[in-house]
Structures are given as structure tokens and as C-alpha cells.
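**Student:** Sharing a structure here in C-alpha cells format.
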Amino acid sequence: MAATVDTIPVDLRQLLQQTGLFTDKQISEALSAPQSAAQPLITTLVKSGVAPEEKLLQSLAQALHLPFTRITDKEIDAVARQKVPTKVVFQHNVMPMRAENGTLLVAANDPFDITMLEAVRLVTKSRVQLALCTQADIAKALKRYYGVGAETLDELLQKNVLDIDDIAEVTKDDLESGDQEASVVKFVNQIIGEAYKERATDIHMEPMENDLRIRYRVDGVLHQTPVPPHLKRFQAAIISRIKVMSNMDIAERRLPQDGRINVRSSGAEIDVRVSTIPTAYGESVSLRLLTRSSIFLGLESLGLNKDEEKIIRKLIDMPHGIILVTGPTGSGKSTSLYAFLSTINSIDQRIITIEEPVEYELPGVNQISVKSEIGLTFASGLRHILRQDPDVIMVGEVRDLETAEIAIRAALTGHLVFSTLHTNDAPGAITRLIDMGIEPFLVSSSVEALIAQRLIRTNCKACKEEYKPGLEFLREVGFPAQDIGKVKFYRGRGCEECRFTGFKGRSAIYEILVMSEALRPLIIERASSSAIKQMAISQGMKTLRDDGWDKVRLGQTTVEEIARVTQEDEELAGT
């Protein structure tokens, strides 16, 4: 018979001997160690390193005649979950699974925790049977079924410290009123902390009619995160707390606002850029997470192959000229520019940047943040930078004719200028500058290189396996015919490590167009971007898709991922 709350054996020494994992000396040391809520016996046993947690729990389950579980969706019953209050579930780290014949099956990590067993029995008025489970599996189940920060919201509901029906009247004073403030702060911290653990770059809090949806962007793709069912009731308090943290006007709900928060999680410094916009059901909040440590990358960490890295190193060591990085929002342009600047940053170089906003602080670099409300625009800031005797200038983005003209003048007067443009490929940046009103001869004489880039998801190393894409599909996406049958293709099967997506982490693919004598006449003649592209390819330029195929050949990503990221460009190039 399986053990219940009334039948847990008390002879721990004999029980540990039955597992066959411990020597008598190890058992004596474990039992003589002072036990507390912070360091229960099961934690002591796991930390002893005698066996991995899963193997230890399986052996204990066998000795106690208890089941061991990995918790699957099929095992979780909604009725069982409703029997145990959220507070008890999180306080004792248990997961209700099934209720049958007056007995409640509960997944737990510590079979020796009598306080937990008694608490569950008292609140459910049921006999309790344990199923042993690892800490990680219980944590995942709690997040999946109760949502991030469920216990914090449960505390708020029980304290009833907030008039949750009058959500339009939450003020700064309300948020600083003791218990409520602590709980709301805790919930916001949990949301940001969970996003950081999940490697998210963005958090979106989106008010809906009957819900407050929270989504994380991981590896460029949005995923909805589980949240407690009563979250909508605390929408105003949560959003107001974020506005207080980011120094926004808490009373202004009709206009968009921007702010910034500095937080620390797991020892890492995180800059959080906050943006709010008014919507039909309240303010929508977007948080961009920028980890300071992640930006100080060498060129070798950007996903460049050896040839590309050699070209880039030569370009960033040039004394003057413009280097433009192009691509849509979220394609890693800023990361590349910061890596370029970090590489050339030295005591004999005066580097000044103007950005909107300053995303990462680079030691030794003078960084200016655009403030258009007081007249500090890219153009006006750049004009003043030129009076500061810079060697290298970085302009966050070329948006208008005035900025482009000043940047070109800077390049022609002996400065190295880095900037970005929103175009689909490298040649498209040339036609964009000409369309802005820049004379073609100025473009041809000042621009030294154009670098288009995209971010691609890379295969999860934990579940990577070989697969065979269909021949028809390979031909359709233009995979080189000579490589079909010779190249091994890999993809992630999907596992807990990668959230069952098959991808974990990102890399970049590049299209580097270096200005040459053959290209300059085409630019002066206002040739189309497709003509410029064909000439550049004939001189050895790799397109984004060609660079992507190299990543496929190396087993770093899938054919489907390269087709997804570069398909639009190929279609545009063909029109």
C-alpha cells in the first residue's frame, strides 16, 4: 500500500539504508546535520552529491512505496487543483494532481515534510498520498497551471488592501501604502525575473476586455506566459508600479510615455526600456530587456565567418567614410555597431555617439541621447559633434535628408561614421540615400560599405538531430542544387531546454557590400538596387540567403528558418 500522511515511516536511518545509495557514515552525517525550513533533509541529501536528485527521489519512492512522477498534462486534474489554495501550493511547493475516492494525490519534493502533509490534509479535508517529483518539474507545473506570480496575487486578494473595482483611481500614494506596494513590487519583479530566466528580449503587457495578457519575446518569437486568472483586477496597480519605477507621470494615461528601469537579476545588470501607449482597455506596456554584459562581444561572437570578420576588421580600421548597417527593427543592428565600436575603442580614438536612446554604456565613449522635445535631434546633435574633434562618430539612425547630409560631410572631412538604415538588403541602402535627396556622386564617394543583417534562431544543442527536408521544398527555396544529397541537415526535436521549439539562441547572417570602382559609376548613373546587387554578387558579395545556407551546412540552423527570415528579401529582389 502507498504511504499516506498517517503512514510515513519514521526510521530515517533504515529508510536511507534501503535506497542503497548511502554509506553508514554518509547517513550519520546527513541525520546529524541541523535541519531547518531553509535546509530540510531532502536538500541536505541532494547537496551531498551521492546521487542526482531524480535518482535519489526514485530510490526513496521505492523504499516508501510511493509513486515517482515527472508530471504530465494528463495527470493534472482541475478539480484537484481547486481543492488546495494557491497560498498552500506555493508555500509548501506541492502540485495537486488527482482526487480519487477521498484521497488526493499530490506531487511533492520532500517526503519528510510532515508540516506540508498536515497543511494539505487540513485545507482539503482529504487523505493525502504523495508522488515524489523533482524541484524543477514542480516549479514548471506551478508556472504552467497557476501562472507567474500567482502566490503574490493571491496574497493581494486575501489582504483586500486595494479597491479592485475602482481601478481608475490608483495613485502613487496608494502604491506606497505598505502591504499592497510590497506585493505589487514583488509581482512586477517576478515578471521581469522570469523573463530574464527565459532569455526574453521583450515583455508585452497587453490589456484586453477581460484579461491582461503577458507575452515574452524569446529568440525573436512571441510566447504567451501563463498568468493567474485574476490578473486583470490588478492591471492598474501593476502598470502604475512600472510607471513609478521608470519615472513616468503616473497620472497621465492618455498619452504614450517612455522611461527606463535599472534592475539586477541573478547578479546581472539589466537595463529595462519601458514604453506605454493608451489602448481601448487601458495602457499597454512594453519592456525591452538589455543585459549590459551581453553587448561587450568581440567580432568573433557576432556569427561572422572568417572571411566576413576579415572584411569587417579592415572596414572599421579605415580612417574615414560611412559604414551603414541595414535591416528591420530587431535584426541586431545596434549589437553589431556596439561590437564594432568596442573593437576600435582605444586611448588614441575619440568616439562620440548620438543615439535614441543610449542602449548600452560603453566605457571611454562619449554617448549622447536624442531629446527631440528640447531640439536635440540626430541632425542638430551631429552638427555639434563635429565641433568636438571626433575620430569616430556613430549616429543611431539616418532618418532624414539633414542627418544624411551632415553624416556625409563628416565622412568627406576625415571622420569614420557608423549608422543604420531600415532597408531590406545592402544595395537598397544606396537607393534609399538617393531617394532622400543625397546627390549620387556624394553617396559613391562617401559610403565605404553597406552591411545588411538578420537574426536567425539556432538549433537547440540538447535535442539536435539529423533530418531530411523534402526535395521539392529545397528547390523551391533555392538551396544550391549541387549540395542536395551531400549536406546533412539538422534541426531541434524539441525539449524542455528550448521550450519545445527546437531552437535555443540566435546568430546573425550578413550581406556585406564593399564599395568598389566598378560600383561607383552605377551609383552615379542612378542604377536600380537590383543592378547594383547583381554587380556586387559578380564581385563576390554573398547575399543574406547564401550566408544562411552556410549556417545550414554547418548544422547551426534549419533550411526552414533561413527561408522564413530571408524570403521577403528574395521576393523583393526579384521584382
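The values are calculated or read from the model by the stated rules, or taken from the named source; none is laboratory data. A quick note: this is a predicted structure, and the numbers were derived from the prediction, not measured. Every residue, glycine as well, gets a Cβ built from its backbone with ideal geometry; the counts of neighbours run over all protein chains shown. Just the protein is used for accessible areas: all its heavy atoms, side chains included, with ligands, DNA and RNA removed. Shrake-Rupley method; radii C 1.70, N 1.55, O 1.52, S 1.80 Å.
**Student:** Looking at SER516, is it among the polar types (S, T, N, Q), more than 27 Å from the chain's Cα centre (by Cα) and assigned to a helix (DSSP H, G or I)? Quick ask: steps written out before the conclusion?
**Tutor:** Details: among the polar types (S, T, N, Q): yes; more than 27 Å from the chain's Cα centre (by Cα): yes; assigned to a helix (DSSP H, G or I): no.
Taking the combined requirement at face value, the residue does not satisfy it.
**Student:** Scanning region 95-116 for residues that are in contact with an Asp or Glu (Cβ under 9 Å, 6 or more places away or on another chain) and open to solvent by less than 60 Å² (accessible area, probe 1.4 Å), which turns out farthest from PRO40 (Cα to Cα)?
**Tutor:** ALA99
**Student:** Of the residues in region 409-438, how many are more than 30 Å from VAL565 (Cβ to Cβ), modelled with pLDDT under 95 and of a type outside the set (Gly, Ala, Ser)?
**Tutor:** 3
**Student:** Give me the pairs: first residue in region 228-251 and within 30 Å of PRO85 (Cα to Cα) and aromatic (Phe, Trp, Tyr), second residue open to solvent by less than 30 Å² (accessible area, probe 1.4 Å) and in a loop (DSSP other than H, G, I, E, B), beta-carbon distance under 8 Å, and six or more apart or on different chains, which are they?
**Tutor:** So the pair list comes out as PHE234/LEU162; PHE234/ILE164.
**Student:** Same structure again: Might you let me know whether region 50-62 holds any residue that is over 29 Å from GLN190 (Cα atoms), more than 34 Å from the chain's Cα centre (by Cα) and free of Cβ contacts under 8 Å to residues at least 40 places away in the same chain?
**Tutor:** Just the residues of region 50-62 that are over 29 Å from GLN190 (Cα atoms), to begin with: 50-51, 55-56, 58-62.
If we keep only those that are more than 34 Å from the chain's Cα centre (by Cα) as well, we get 50, 58-62.
Restricting the remaining residues to those that are free of Cβ contacts under 8 Å to residues at least 40 places away in the same chain gives 50.
There is at least one residue in region 50-62 that is over 29 Å from GLN190 (Cα atoms), more than 34 Å from the chain's Cα centre (by Cα) and free of Cβ contacts under 8 Å to residues at least 40 places away in the same chain.
**Student:** Now for a different question. Do the conditions hold for ASN210, that is, is it polar (S, T, N, Q), at negative phi, over 18 Å from the mean Cα position of the chain (by Cα) and not in a helix (DSSP H, G or I)?
**Tutor:** yes
**Student:** Give me a count of the residues in region 73-94 that are open to solvent by 10 Å² or more (accessible area, probe 1.4 Å) and among the hydrophobic types (A, V, I, L, M, F, W, C). Spell out how you get there, then give the answer.
**Tutor:** Taking region 73-94 and keeping what is open to solvent by 10 Å² or more (accessible area, probe 1.4 Å), we get 73-79, 81-83, 85-88, 90-93.
Still in the list and also among the hydrophobic types (A, V, I, L, M, F, W, C): 76, 78-79, 88, 90.
Total satisfying the criteria: 5.
**Student:** Still on this structure: Of all residues in region 196-218, which are at pLDDT below 90 and open to solvent by less than 60 Å² (accessible area, probe 1.4 Å)?
**Tutor:** GLU198, ASP211
**Student:** Restricting to helices (runs of 4 or more DSSP H) lying wholly in region 388-471: which have 1 or more residues that are farther than 20 Å from VAL514 by Cβ?
**Tutor:** Values: elements: 401-412, 426-436, 440-446.
By residue number, 401-412, 426-436.
**Student:** Suppose we filter region 470-523 for residues that are of a type outside the set (Gly, Ala, Ser) and surrounded by 14 or more Cβ atoms within 10 Å (Cβ to Cβ); how many remain? Give the derivation first.
**Tutor:** Start the filter on region 470-523 by keeping residues that are of a type outside the set (Gly, Ala, Ser), which leaves 471-477, 479-480, 482-484, 486-491, 493, 495-501, 503-504, 506, 509-515, 517, 519-523.
Next cut, surrounded by 14 or more Cβ atoms within 10 Å (Cβ to Cβ) only: 474, 477, 479, 487, 489-491, 493, 495, 498-499, 501, 503-504, 506, 509-515, 519-520, 522-523.
Selection size over region 470-523: 26.
**Student:** What number of residues within region 349-368 are surrounded by 15 or more Cβ atoms within 10 Å (Cβ to Cβ), under 26 Å from LEU289 (Cβ atoms) and at pLDDT 90 or above?
**Tutor:** 7
**Student:** Let me ask you something else. Do we find that GLU402 is open to solvent by 50 Å² or more (accessible area, probe 1.4 Å) and more than 31 Å from the chain's Cα centre (by Cα) in this structure? Don't jump to the end; show me each part of the working.
**Tutor:** On the way: open to solvent by 50 Å² or more (accessible area, probe 1.4 Å): yes; more than 31 Å from the chain's Cα centre (by Cα): yes.
Judged against the criteria, GLU402 is a match.
**Student:** Name every residue in region 487-504 that is modelled with pLDDT of 90 or more and of a type in the set (D, E, K, R), in order of residue number.
**Tutor:** Residues satisfying the conditions are LYS488, ARG491, ARG493, LYS504.
**Student:** Can you name every residue in region 22-36 that is touching a helix residue (DSSP H, G or I) at 6+ places or on another chain (Cβ under 6 Å), surrounded by fewer than 18 Cβ atoms within 10 Å (Cβ to Cβ) and at pLDDT 75 or above?
**Tutor:** Selection gives nothing.
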